[in-house]
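Enquirer: Once you've had a glance at the structure underneath, I'll fire off some questions.
The values are calculated or read from the model by the stated rules, or taken from the named source; none is laboratory data. Keep in mind the model is a prediction, meaning the values are calculated, not measured. Quick reminder, even Gly has a Cβ in these numbers, built from the backbone with ideal geometry, and neighbours come from all protein chains shown.
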Amino acid sequence: MAGHALAVLFIEIGTAIIGLAMLARFANRWGFPSVPLYLLAGLAFGKGGLAPLEVSRTFISEGAEIGVLLLLFMLGLEYTGAELKRNLRGGLPGASIDLLLNFPPGFLAGLLLGWRPLAAVLLGGVTLVSSSGIISRLLFELGRKNAVETPSILSILVLEDLMMAVYLPLIGVLISGAGARSMVLSIAAATATVAVVLFAAMRYGESVSSFVGGQSDEVILLTVFGAVLAVAGLAQMLQVSAAIGAFLVGIAVSGPVAERSGRLMAPLRDLFAAIFFFFFGLEIDPGSLLPQLPLALMLGAVTMGTKVATGYWTIRRAGLERRAALRAGLTLIPRGEFSIVLAGLGGALEPRLGALGAAYVLLMAIVGPIAVRLVK
């Protein structure tokens, strides 16, 4: 029986991955981003979908988590420590505008719906944070990794993710009902962890990379992949997002090792990232989305405008052309992994938050990549 169950598991997973490959082929053929197709496939074959697929949720779920880590690691590879330091300084005004424009719509919507203040704060976080995973994937697929606006986009994403390193532990403590002392300790631990790793990446990243640099591809692949998982796990234990830990590993890798790591890890990233977006769709029940769809559409319309305004202002402030500014704003539209985490955290506080968050994220994850594709 065990052998039969294992065979069925292999067939299910293999069939799902082949299906994703067909979608990727279709996307590549027509010059269309593959992310929305993965999401829609998950929606079609998930619980309550057109043809529910009884695939192993444990494997897909864990593969999805690895996909997020690899996406953020590859994003971190785009920076050296010095570039990160420079971009963080230059990105603070853009991140401030981002916070001022994109947190209030969700927060105010929650209050107008009569939700508790903490649930409204969570909805504000859902509308605030762009998806580093989806956007990094889009930049790669559309060949815009070296576009003039990309450094500013990445600076905003980095600062958003670093904000989440403090925001998530704080929200977790507030939801648990712990006292002020636990809240202060949690925030202090998260902030200290991020600060220490950033300092080590900036100060010793080249030394660490040179130590690994002379090794074979096999050694580099195993070392870097293991480091991503280990540091992400350690970050999670310290109540810092695992995705932040993976991103910081990417920053610490520099020089020739960064190029080799990117080349070696790219196939793994593509595999597990596809699983991540597919799994996200699998977990959404279409029936729960319909009642929340009107509000998600209204919230989406407002926050698409605020994200475009954020990117446009940031790029124009840097002295770049209007088309680049518009591309930047549209690129920032997708929400994803962090928004889903926040919506899930608030399920006990407000049952409608999960369904609304899922509808909103799905809408933004589909419309965002399509809108970016229209502006060259």
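Enquirer: May I ask you to list the residues in the stretch 367-376 that are among the hydrophobic types (A, V, I, L, M, F, W, C) and outside any helix (DSSP H, G or I)?
Expert: V375
Enquirer: Taking the stretch 247-285, which residues are of a type in the set (G, A, S) and under 10 Å from G67 (Cβ atoms)?
Expert: Residues satisfying the conditions are A273, A274.
Enquirer: Can we say V302 is among the β-branched types (V, I, T) and more than 19 Å from G368 (Cα to Cα)?
Expert: no
Enquirer: If only one of I333, I275 is farther than 17 Å from F103 by Cβ and either within 15 Å of the chain's Cα centre (by Cα) or modelled with pLDDT under 90 (or both), which one is it?
Expert: I275
Enquirer: Any residue that is within 19 Å of the chain's Cα centre (by Cα), under 23 Å from A243 (Cα atoms) and not aromatic (F, W, Y) - is there at least one of those in the stretch 285-306?
Expert: no
Enquirer: Being more than 17 Å from the chain's Cα centre (by Cα) and assigned to a helix (DSSP H, G or I) is the filter here; which residues of the stretch 110-141 pass it?
Expert: Matches in the stretch 110-141: G110, L111, L112, P117, L118, A119, A120, V121.
Enquirer: Please give the number of the condition R144 fails out of (1) more than 20 Å from G91 (Cβ to Cβ); (2) more than 16 Å from the chain's Cα centre (by Cα); (3) touching a residue at least 60 places away in the same chain (Cβ under 8 Å).
Expert: Just one mismatch for R144, condition (1).
Enquirer: What are the residues in the stretch 285-300 that are modelled with pLDDT of 80 or more and small (G, A, S), if any?
Expert: A296, G300
Enquirer: Let me ask something else. Return the residues of the stretch 2-28 that are within 25 Å of G133 (Cα to Cα), surrounded by fewer than 16 Cβ atoms within 10 Å (Cβ to Cβ) and modelled with pLDDT under 80; say none if nothing qualifies.
Expert: N28
Enquirer: Just checking: which of the helices (runs of 4 or more DSSP H) contained wholly in the stretch 273-366 hold 2 or more residues that are hydroxyl-bearing (S, T, Y), crowded, with 18+ Cβ neighbours inside 10 Å and touching a helix residue (DSSP H, G or I) at 6+ places or on another chain (Cβ under 8 Å)?
Expert: In the stretch 273-366, the matching helices (runs of 4 or more DSSP H) lie at 293-317.
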